[in-house]
1. Do we have B:Glu116 as surrounded by 17 or more Cβ atoms within 10 Å (Cβ to Cβ), charged (D, E, K, R) and closer than 26 Å to B:Ala19 by Cα here?
2. Within the stretch A:171-186, does at least one residue satisfy the condition of being open to solvent by less than 20 Å² (accessible area, probe 1.4 Å), more than 7 Å from chain B (Cβ to nearest Cβ) and either among the basic types (Lys, Arg) or assigned to a helix (DSSP H, G or I) (or both)?
3. Using the structure shown, decide if B:Leu161 is of a type outside the set (D, E, K, R), open to solvent by less than 30 Å² (accessible area, probe 1.4 Å), in contact (Cβ under 8 Å) with a residue 12 or more places away in the chain and more than 7 Å from chain A (Cβ to nearest Cβ).
4. Out of (1) away from chain B (no Cβ under 14 Å); (2) part of a helix (DSSP H, G or I); (3) more than 13 Å from DNA strand C (Cβ to nearest atom), what's the single condition that is false for A:Pro70?
5. Quick one: which of B:Arg6, B:Arg50 is within 12 Å of DNA strand C (Cβ to nearest atom) and modelled with pLDDT under 95?
6. Report whether or not A:Asn121 is closer than 25 Å to B:Thr200 by Cα and either open to solvent by less than 30 Å² (accessible area, probe 1.4 Å) or touching a residue at least 12 places away in the same chain (Cβ under 8 Å) (or both).
7. Given the criteria closer than 21 Å to B:Ala169 by Cβ and either out of contact with any His (no Cβ under 6 Å at 6 or more places or on another chain) or among the β-branched types (Val, Ile, Thr) (or both), does A:Glu105 qualify?
8. The conditions are (1) within 20 Å of the chain's Cα centre (by Cα); (2) surrounded by fewer than 17 Cβ atoms within 10 Å (Cβ to Cβ); (3) not assigned by TED's automatic domain parsing to the domain that holds A:Ala139, and A:Val23 fails exactly one of them. Which is it?
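The values are calculated or read from the model by the stated rules, or taken from the named source; none is laboratory data. As the structure is a prediction and not an experimental result, all values here were calculated from the model. No Cβ is skipped: glycine too gets one built from the backbone with ideal geometry, and neighbour counts run over all protein chains shown. We work out accessible area using only protein heavy atoms, side chains counted, and drop any ligands, DNA or RNA first. Shrake-Rupley method; radii C 1.70, N 1.55, O 1.52, S 1.80 Å.
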There are 2 protein chains.
Amino acid sequence: MSERPRRNRSETEDRLKSALKSVLAEGGFGALTPSRVAAAAGVDKMLIYRYFGDLEGLTRAVAKGPDFFPSMEDVCDGDVAAILALPVPDRAAAIAVNFAHCLLERPLVLELMVWELVERNQLTAIMETEREETGLRIARELFGDLADNTGHRVNAITAILGAAVTYLALRQRKIRWFNGIDLKSDAGWAEIEVTIRAMTAHLAA
Amino acid sequence: MSERPRRNRSETEDRLKSALKSVLAEGGFGALTPSRVAAAAGVDKMLIYRYFGDLEGLTRAVAKGPDFFPSMEDVCDGDVAAILALPVPDRAAAIAVNFAHCLLERPLVLELMVWELVERNQLTAIMETEREETGLRIARELFGDLADNTGHRVNAITAILGAAVTYLALRQRKIRWFNGIDLKSDAGWAEIEVTIRAMTAHLAA
DNA sequence: TCCTTTTGTCTCCGTCCAGAGACAAATCAT
DNA sequence: ATGATTTGTCTCTGGACGGAGACAAAAGGA
C-alpha cells in the first residue's frame, strides 16, 4: 500500500549502501560480492557499476560516511578536556578503554580492519592513512604535555596500547578467550583496563 | 634424465604440502583452493581429497608439522633459564621481542593467524587451543615467581603485550607504518622493545 | 604369468561469479 | 504530446570452482 516512488536513484543508492553493510555484517568481507549485495538490496547488480563504478566504490561510499570510524572525540568519550585533566596513566588507560569500546560497538569497522590485515587495495589504503592521522593526532593532542624524556616515546606507547586493544577487539569476534581473559565479558575488559593503568602508572608527567 | 619413481604416494603428499605452503605464502589464504594447490604441486586435485580428505585436512597436516608454531623454547630464544634470570621488566620485554621475531620470521604462521581472525573452522580451532595453552604456559612458567599482587595480573599483562606484538607483526605484512613507527625497520622494533621495557619497569618482583 | 591394489589422470556436472550489452519503463523537458 | 534521458531489468558470455566418477597405468603379490 505504500506509495514509494519506484524510480529513485538516491534511494536505490541508499538501499545498496545498507545492503552492503548487512552483507558485511552477516558474512564478512569474504561474502562481499556484487551479486550478493544487489540481491540484499533487491536491485539489479548492474546498478552498482553504474552508480559507484564497482563494489569498491560502493564500499568506499559507505566507509566515507560520517561517524563510521571512531574519531578523536569518540575516543575521548565526548569530552576532550576531561580526558586531558586526568593524570597520564589514567588518561592512557581511559583512552585505550574508550577506544576498545568504540571498536566493540562498531562491528563493521572491525570487519574492515580485519580486511586491512588481509589485503591491500584502494579501500584499505584510505583507511590506513585516515587511521594513521587520527592515531598521531591523539598522541600529539592528548599526550603532548608529557615531559621530553617520556614524550619521545608517546608514539610507541600509544602504538603498543592501540595495537593491543585492536587485536583483542578483532579477536573477540571469533574467539572468546585470549590468555585466560574472557574477551566477551565486561570483567575481562575491566581487567585489561586495570592492567593498562598499572602498566602506565610510572609514566606520570 | 632423473630416475625418480613416477608413482610415490609419500612424495606426492610432500609435494602437496609444500605446494600449499607456497600458495599460502604467495596469495594468502584467500587464494588457497584445491585447484591452485594441485596445480602448484603439478598433480591432480583429486589426490588432495583421496589423501587428506579435503583441503582443510591438507592444511592441518602442514600446520601439525613440528617447529611450525613458535614454542616456549623459541620464545625464550633457546635458553629458558637465562630468561628466568632476568628481572621482570627485562624478562617481559625480552619475551615479547623474541615472540615478535618468531612471528616475523614465520610468514606462514602470520597468514594462519590472520585467517584465525577471519573465520572459524576446524583448523583455526586447533590453532586456538594450541596457542592458548602455550600462552598460559608462558605466563605460568616464566612469570610464576611474581608477587601475588602483581601475579594475579600476569595473564593480563602477557595478554596485552602478546596482543600488541601480534597485531604489529600481522600488520607489517601489508602496512609499513603504525602510529609513526616503522614496522619494517629494526629501529622501529627496537623502539617497541625499549618502550615495553619502560612500561613493565615498575612491575619488579 | 595373471590378478588385485595403488596411484594418478581425465572428463564431466552444477553452481557461482563479474561484467557487457540490449532492452523496457518511467520521468522530464519542451 | 513527443522525444530524450534516466532508471531499472534481463540475458548472455566466459571463466573458476568443488567434487564425483570413470578410466588408465604402474606396482606388487600369487
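1. Here the answer is yes, as B:Glu116 does meet what is asked.
2. Among the residues of the stretch A:171-186, not one is open to solvent by less than 20 Å² (accessible area, probe 1.4 Å), more than 7 Å from chain B (Cβ to nearest Cβ) and either among the basic types (Lys, Arg) or assigned to a helix (DSSP H, G or I) (or both), which makes the answer no.
3. Working: of a type outside the set (D, E, K, R): yes; open to solvent by less than 30 Å² (accessible area, probe 1.4 Å): yes; in contact (Cβ under 8 Å) with a residue 12 or more places away in the chain: yes; more than 7 Å from chain A (Cβ to nearest Cβ): yes.
Against the criterion (of a type outside the set (D, E, K, R), open to solvent by less than 30 Å² (accessible area, probe 1.4 Å), in contact (Cβ under 8 Å) with a residue 12 or more places away in the chain and more than 7 Å from chain A (Cβ to nearest Cβ)), B:Leu161 qualifies.
4. Condition not satisfied by A:Pro70: (2).
5. Working: B:Arg50 fails: modelled with pLDDT under 95.
Residue meeting the stated conditions: B:Arg6.
6. Numbers: closer than 25 Å to B:Thr200 by Cα: no; either open to solvent by less than 30 Å² (accessible area, probe 1.4 Å) or touching a residue at least 12 places away in the same chain (Cβ under 8 Å) (or both): yes.
In short, no.
7. Values: closer than 21 Å to B:Ala169 by Cβ: no; either out of contact with any His (no Cβ under 6 Å at 6 or more places or on another chain) or among the β-branched types (Val, Ile, Thr) (or both): yes.
Judged against the criteria, A:Glu105 is not a match.
8. It is condition (2) that A:Val23 fails.
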